[in-house]
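Single-structure report; data block below.
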Amino acid sequence: MIEVIDLVKTFPTTAGPEKRAVDQVSFRVERGEIYGLLGPNGAGKTTTLRILSGLLRPTAGQARIGGLDVVEEAHRTKQLIGFLTANTGLYQRLSPRELLPYFADLHGLNRATGRRRVAELCGWLGMESFMDIRCGALSTGQRQRTNIARALIADPPVLIMDEPTLGLDVLTNRVILEFIRHQRDQGKAILLSTHYLDEAETLCDRIGLLHEGRLIAEGPVGGLLARTGCARLSDAFLRLVGPGAAPALAAGPCGPEDAGR
């Protein structure tokens, strides 16, 4: 469902050669699968996801959604994806009950289908208690649940999620992780990036480890652990990239990347 082939993205710099944020990256994500794209700040995760969502153009290589090229058929591919980032904005003066039907209408859903989807998502994400509160007054976790509902209002077959649990409390984190698993079980292809390697270890069916723009290892969690002889994914990552990456991972949860740069 998602296919990335020899993807390259470079950015100009003020001095010296261009910065290669994504360097010959290739992977696939199938229906009914959660694929985790993991790595420290600057690894190229966010850049890769923004290319797939149509927000950035690749320098070289290809990215396809449902067999469609994300550059050549940008409008059609955007109809297939729900895209979520940790800092996606909401209309501050609207409540979720007002905002979600608005996005349903933007996606071309008829009124009955839109109402049904709002009710489904509200139930799955536990939103009823704050559906009538303006988005500007919602907590971080409530805003993230609303953003997930917004991204999924049209029931797209592909989910692209950049740091979906960043900054959330334990209870909201659990709700969202269970919801992501539910979407996987519904047959969606899910690609997510995260700094939380231990969380990804329990959530993802397969994982790609990014370091300095390159995909250095890929496979099921068990295979990566067996390859490195480690008991935890965080330890396996450090063994694969060497001790130089330790500070980026030891710092714990941090903010989203600046376009992988």
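None of the figures in this text is laboratory data; all of them are computed from the coordinates on show. Because the structure is a prediction, the values reported are computed rather than measured. As a convention, Cβ positions derive from the backbone with ideal geometry for all residues, glycine included, and neighbour counts pool all protein chains shown.
Whole-Hz Karplus values for segment 156-163 come out as x, x, 10, 10, 10, 10, 9, 6 Hz, taken residue by residue from phi with 6.51 cos²θ - 1.76 cosθ + 1.60 and θ = phi - 60°; glycine and proline positions read x.
Based on the mean of other beta carbon atoms within 10 Å per residue, what is the order of 113-124, 67-78, 203-214, most packed first?
Working: 113-124: 16.7, 67-78: 15.1, 203-214: 21.4.
Ranked from most to least packed, the peptides come out as 203-214, 113-124, 67-78.
Note on the chain: with charges restricted to the Cβ of Lys and Arg (+1) and Asp and Glu (-1), its dipole about the Cα centre is near 440 debye.
If we count every other residue with Cβ under 15 angstrom of Gly66's Cβ, Lys/Arg +1 and Asp/Glu -1, where does the sum land?
Values: positive: Arg28, Arg31, Arg64, Arg76, Lys78, Lys188; negative: Glu3, Glu30, Glu33, Asp69, Glu72, Glu73, Asp155.
Counting the neighbours of Gly66, the net charge comes to -1.
Taking amide H as placed 1.01 Å from N in the peptide plane, the amide H of Val22 sits under 5 Å from that of Lys9, each at least 5 places away or on another chain. Put simply, the amide H of Gly82, placed in the peptide plane, has neighbours under 5 Å in Val158, Leu159, Ile160, leaving out anything fewer than 5 places away on its chain.
Figure legend: label point modelled 7 angstrom from the Cα of Arg111 along Cα→Cβ; no residues of segment 63-98 have amide N under 12 Å from it. Spin-label model, Arg31 to Tyr91: label points 7 Å out along the Cα-to-beta-carbon direction sit 3.4 nm apart.
What length, rounded to one decimal in nm, is gained on full extension from Leu177 through to Glu128, with 0.36 nm per residue of separation minus their alpha-carbon distance? Could the numbers behind the result be given before it?
Details: separation 49, 0.36 × 49 = 17.64 nm, distance 1.86 nm.
Contour length minus Cα-Cα distance gives 15.8 nm.
Sorted from longest to shortest, the spans of the Cα atoms of the chain along the three principal axes equal 52, 40, 37 Å. When both segment 74-131 and segment 1-18 are represented by their alpha-carbon centers, they are found 32 Å apart. Under the rule a/c < 1.5 gives rounded, and otherwise a/b versus b/c splits prolate from oblate, where does segment 89-202 land using the Cα gyration tensor? Oblate.
Charging the Cβ of each Asp and Glu at -1 and of each Lys and Arg at +1, and nothing else, the dipole of segment 1-83 about its Cα centre rounds to 240 debye.
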